[in-house]
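What follows is one structure encoded as structure tokens, with my remarks underneath.
The values are calculated or read from the model by the stated rules, or taken from the named source; none is laboratory data. Owing to the predicted nature of the structure, the values given are computational and were not obtained by experimental measurement. Cβ placement follows ideal geometry from the backbone for every residue including glycine, while neighbour counts extend to all protein chains displayed.
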Amino acid sequence: MGRYLSFLYIPMANSIGLNTTWNFFSPDPAHTMFLKYVVYFQDEYGNQKQDPIVSYYPENIKEHNFRMDQRRLSYVMRFLAIEPARLEKYFVPWVCRQYPGATHVQTEIEIFRIPPLDVVTTLKSENYYDLVHQEQMNSSMYVCVQ
């Protein structure tokens, strides 16, 4: 039935990232990603009215939580981060509403690259978390529309 009706749902599943392979048991699983954002509060001259707020989406960056609701937030973040126009259209206005008086939002994707299986197996004496590399990419600044 699924193969017979796939022409109906595959285009939608592909466009929102639901039609992805499960990488848990593969040699190179998917990397952990978070969306870091900084909320700025400035006056009309560009002076800071208060300290910027730094946060992450999803918020639980240090927890490796596999609850379904947390995984859904990760999927939403990946969907938004793939296309910067989506961040500007959906995510930034939401953040600006969360912080009244916000003037700008800076976004950046943080990726924690999981080491390949062959590296982990050859360096068994190393701490696994020392082999994970953190990278920042796609930094963008957006204006909050009041």
Q) For residues in the range 27-43 being in a loop (DSSP other than H, G, I, E, B) and touching a Ser or Thr at 6+ places or on another chain (Cβ under 9 Å), which is modelled with the lowest pLDDT? A) ALA30
Q) So LEU87 fits all but one of (1) at pLDDT 75 or above; (2) over 15 Å from the mean Cα position of the chain (by Cα); (3) of a type outside the set (Phe, Trp, Tyr); (4) within 29 Å of HIS133 (Cα to Cα); what number is the exception? A) (2)
Q | Residues of the range 109-130 that turn out to be touching a helix residue (DSSP H, G or I) at 6+ places or on another chain (Cβ under 9 Å), of a type outside the set (A, V, I, L, M) and more than 30 Å from VAL54 (Cα to Cα), as a count | A | 1
Q) Considering only residues of the range 82-129 that are in contact with an Asp or Glu (Cβ under 7 Å, 6 or more places away or on another chain) and among the hydrophobic types (A, V, I, L, M, F, W, C), which is surrounded by the most Cβ atoms within 10 Å (Cβ to Cβ)? A) ILE111
Q: Give me a count of the residues in the range 108-129 that are aromatic (Phe, Trp, Tyr) and assigned to a strand (DSSP E or B).
A: 1
Q. Taking SER15 and the conditions (1) of a type in the set (S, T, N, Q); (2) more than 14 Å from the chain's Cα centre (by Cα); (3) modelled with pLDDT of 80 or more, which numbered condition does it fall short on, given that it satisfies the others?
A. (3)
Q: Determine whether the range 86-104 contains at least one residue that is within 15 Å of MET33 (Cβ to Cβ) and part of a loop (DSSP other than H, G, I, E, B).
A: no
**Q.** In the range 44-62, residue modelled with the highest pLDDT [restricted to those that are of a type in the set (Asp, Glu) and assigned to a loop (DSSP other than H, G, I, E, B)]
**A.** GLU44
